[in-house]
Amino acid sequence: EPEVTQTPSHQVTQMGQEVILRCVPISNHLYFYWYRQILGQKVEFLVSFYNNEISEKSEIFDDQFSVERPDGSNFTLKIRSTKLEDSAMYFCASRDRTSVNQPQHFGDGTRLSIL
Amino acid sequence: DQQVKQNSPSLSVQEGRISILNCDYTNSMFDYFLWYKKYPAEGPTFLISISSIKDKNEDGRFTVFLNKSAKHLSLHIVPSQPGDSAVYFCAASDEGAAGNKLTFGGGTRVLVKP
């Protein structure tokens with residue numbers, strides 16, 4: 001069964017450094033998402049992406065965050081200058097929108113630890 | 001943000017019995033509801049969903065019920081199996097919105113005892 005893959009599984013970075021989290025969505029999917037889950041808290045939406053542009057972003061997704069689909073397969077989340085509070089699990093998801101009411105499918109996440 | 005709420009943080013059930021997980025929402029724009037299952041160190045795995053035009057959807061051992069007037073949905077697992085032990089998340093979206101983002105509940109940890 002096709003799946004969303006994320007790399008790396010764990011990223012440790014010094015505060016203030018840039019980090020790029022990578023995702024390969026399911027190949028025929030058209031909508032892409034990033035979510036994060038801080039330890040002990042809910043899974044929360046960051047950004048959605050369709051047709052090479054952001055569809056919606058949350059308040060969390062400030063100027064330090066950016067997303068890109070650099071080629072036909074990868075979808076990346078960049079944090080320019082990481083803060084301690086960026087430590088979380090980051091999940092990528094993708095969705096087929098050829099019809100309505102399609103579920104989002106998630107990758108296994110990247111654990112981001114900011115020191 | 002309490003738009004989707006799962007009031008029971010944990011549930012323990014005997015193998016073979018029914019597990020009932022509950023979820024409440026407040027946003028009347030939500031029209032698509034999903035349940036995800038999550039094991040440690042893995043991402044959420046889609047389980048079952050329901051559109052707001054239905055009140056019940058069934059897939060094998062899993063049934064989701066939707067009560068729109070009460071803004072409440074539930075997931076029934078019958079019979080429960082030890083492999084069902086996981087954290088279950090309820091999620092909702094507004095299919096008419098631009099990004100179709102999911103809003104998640106806080107999760108219910110289910111333990112199925114052999």
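The values are calculated or read from the model by the stated rules, or taken from the named source; none is laboratory data. In this text, all values refer to a predicted model and were calculated from it rather than measured experimentally. Using ideal geometry, Cβ is built from the backbone for each residue, glycine included, and neighbour counts are taken over all protein chains shown. The accessibility values were calculated without ligands, DNA or RNA, using every heavy atom of the protein model including side chains. Shrake-Rupley method; radii C 1.70, N 1.55, O 1.52, S 1.80 Å.
Among B:52-59, B:34-41, B:78-85, what's the highest-first ranking by average C-beta atoms within 10 angstrom per residue?
Top to bottom by mean Cβ count within 10 Å: B:34-41, B:78-85, B:52-59.
Taking all protein chains together, B:109, B:61, A:95, A:22 sort by accessible area into B:109, A:22, B:61, A:95, largest first [probe 1.4 Å].
The mean number of Cβ atoms from other chains found within 10 Å of a Cβ in peptide B:37-43 is 4, as a whole number. Distance distribution note for the protein assembly as shown: the fraction of Cα pairs above 32 angstrom is 18%.
Out of the DSSP beta bridges found with both residues in chain A, what percent are antiparallel (nearest 5)?
Within chain A, antiparallel bridges account for around 90 percent of the total.
Across the stretch A:103-115, in residue order, what do the Karplus-derived ³J(HN,Hα) couplings come to in whole Hz, using 6.51 cos²θ - 1.76 cosθ + 1.60 with θ = phi - 60° and x for Gly and Pro? Per-residue couplings from phi come out as x, 7, 10, 9, x, 7, x, 10, 7, 9, 10, 9, 9 Hz. Put a dot 7 Å past the Cα of residue B:74, heading toward its Cβ, do the same for residue A:22, and the two dots end up 4.7 nm apart. Across the stretch B:52-61, coupling constants 3J(HN,Hα) worked out from phi with the 6.51/-1.76/1.60 Karplus curve, θ = phi - 60°, read 5, 7, 10, 10, 7, 9, 10, 8, x, 7 Hz, and Gly and Pro carry x. Each of B:73, B:20, B:35 was scored by the projection of its Cα onto the charge dipole of chain B, and the greatest displacement toward the positive side belongs to B:20; charges sit on the C-beta of Lys, Arg, Asp and Glu.
Computed on the stretch B:4-113, the Cα convex hull volume stands at 92 Å³ per residue. Per residue, the protein assembly as shown exposes an accessible area of 49 Å² to a 1.4 Å probe, with every protein chain left in place. When A:31, B:88 are compared by accessible area of protein heavy atoms, the largest-first order is A:31, B:88, using a 1.4 Å probe.
For chain A, the equivalent ellipsoid derived from the alpha-carbon gyration tensor has semi-axes of 23, 14, 13 Å in decreasing order. The alpha-carbon of residue B:113 sits under 12 angstrom from the alpha-carbons of these aspartates and glutamates, leaving out residues fewer than 8 places away in its chain: B:15, B:84. The mean count of C-beta atoms from other chains within 10 Å of the C-beta of residues in B:101-110, rounded to a whole number, is 4.
How shielded is A:30-43 by partner chains, expressed as the average number of their Cβ atoms within 10 Å of its Cβ atoms?
Values: counts 0, 2, 0, 4, 0, 5, 0, 6, 0, 0, 1, 1, 11, 12.
Across the residues of A:30-43, the mean count of other-chain Cβ atoms within 10 Å is 3.
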